[in-house]
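Below you'll find the structure, written out as structure tokens, and then a few comments.
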Amino acid sequence: MTEQHFIPENFSETRPNGQVAWESPSNIALIKYWGKRKNQIPENPSISFTLSHCKTITTLSFKAKETNDTFSFDVFLDGNKNEDFKPKIQTFFERVEQYLPFIKDYHFTIETKNTFPHSSGIASSASGMSALALCLMSVEKQIMEKEVTLNVVERSYNEKYFSQKASFLARLGSGSACRSIEGDLIVWGETKVVEGSSNLFGTKYPYPVHDIFKEYQDTILLVDKGEKQVSSSVGHNLMHNHPYAQNRFQQAHDNLEKLKLILKSGDLDAFIGLVESEALTLHAMMMTSMPYFILMKPNTLKVINAIWGFREKTGLPISFTLDAGANVHVLYPKRDAAPILEFIKNELVTYCQNQHFISDQIGFGANQI
Ligand code: PMV
């Protein structure tokens, strides 16, 4: 499949006004996407758990306008007009315009809020961009359905097309956002290891998964709520000409192959080893880029060491992963939640800013509201 698949043919001339709303979750990668080509094409495959509680809720109001020479939109975060998001959304609109031919015909009001604090250091780009992409797909669907009822165009808005294109559009906003449309395990990036995988959109992991992973918990420790010094985009680009890039990209394919067996068997020791190695490899790539940078903070390392000590002492299957920042995602099966939460509250919260952490768990994707 190519990008062409998502360019609508015989697009309807009708422009209904209206309002749509979606809530879309964040996700946490087990095998990390780090390095991209033009148009947000990943250099390697990744796989993530979709989260459940950390989400963005976006309402999109759309009103047809007289002229169609520019993009026109206002953004509100928590009810307040927000100018900071506008450049990112403008770029997103430019990237998706050819796939959404109606986009300049409308003035959009985008009202958005997150279930987690904006200043928590949790990236809202995956949940935010996926929510916006889904809203735009609902607009497209309304336009096309008008035509279908008029019997002019027969286009099936089956669920598969809708979520594939939503994921495809979300990817153009922020790569990892394409993994937030569905759940509970999503693969993105073409690889022989997973049938049906694509560089263009996320797909549901299609193989057997042991019950132990069905209700996996993710407690996010907010070690540093500040703005990161180096954005993901800059970090991805530093993988061009990176001395370890080719080995790293190959390793992601190999790790996915290994993870497939782990997900099937429920081998938690192997899961812990693979996931923690992925997290540290991501940060090792940052530290060995030119220019190099470090996103972990002293407390990130203190948390990691405390987790290792607790695991050694208790034998409980607690592990961590990291995204492109200082916060730590603590991963564990639901059946072990009681002692692990106790440990988090007694020993790990002291490393969090204002003792702040968020309890989340694996989720099943976005919902229309
Ligand atoms: O989606 P981006 O461009 O913000 O990149 C995210 C990359 C990581 O979070 C570090 C890894 C991943 O696969 O989510």
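What follows draws every value from the coordinates through simple rules; no lab data is involved. Computed from a predicted structure; not experimentally measured. Here the Cβ is made from the backbone with ideal geometry for all residues, glycine too, and neighbour counts use every protein chain on show.
Structure notes:
- Each of Glu3 and Asn346 was given a label point 7 Å from its Cα along the Cα-to-Cβ line. The distance between the two points is 5.5 nm.
- Between the Cα long axis of helix 245-265 and the first principal axis of the chain there is an angle of about 80°, rounded to the nearest 10.
- Here's the picture: a label point sits 7 Å out from the Cα of Thr14 along the beta-carbon direction, and within segment 42-77 nothing has its amide nitrogen under 12 Å of it.
- Principal-axis tilt of helix 268-287 within the chain, Cα atoms, nearest 10 degrees: 70 degrees
- Mean ellipticity per residue at 222 nm, deg cm²/dmol - from DSSP H runs of n ≥ 4 across the chain, formula -39500 (n - 2.57): -11000 deg cm²/dmol
- Applying a DSSP loop filter and a limit of 14 other Cβ atoms within 10 Å to the GluC sites (Glu not before Pro) in segment 167-232 leaves Glu195, Glu215, Glu227.
- Full-stretch length increase - Ala338, Ser265 - with 0.36 nm per residue and alpha-carbon distance subtracted: 23.9 nm
- Segment Asn68-Tyr207, extension gain: residue separation times 0.36 nm, minus the distance between their alpha carbons: 45.5 nm
- Sparse-neighbourhood loop sites, GluC sites (Glu not before Pro) in segment 1-33 - DSSP loop, at most 16 other Cβ within 10 angstrom: Glu9, Glu13
- For Lys258 and Thr91, a Förster radius of 45 Å and the Cβ-Cβ distance give a FRET efficiency of 0.80, rounded to the nearest 0.05.
- Rounded to whole Hz, the Karplus (6.51, -1.76, 1.60) HN-Hα couplings of segment 303-316, x for glycine and proline: 4, 4, 5, 5, 5, 4, x, 5, 5, 4, 5, 9, x, 6
- Of the GluC sites (Glu not before Pro) in segment 30-83, those whose Cβ has at most 15 other Cβ within 10 Å and which sit in DSSP loop: Glu66, Glu83
- Distance between modelled label sites at Phe76 and Ser233, nm, 7 Å Cα→Cβ extension: 2.7 nm
- Under Stokes-Einstein, with the Kirkwood radius over Cα pairs as Rh, the value for the chain at 4 °C and 1.567 mPa s is 61 µm²/s.
- Amide hydrogen proximity for Asn82: with H placed 1.01 Å from N in the peptide plane, the residues at 5 or more positions away or on another chain lying under 5 Å are Val75, Phe76, Leu77.
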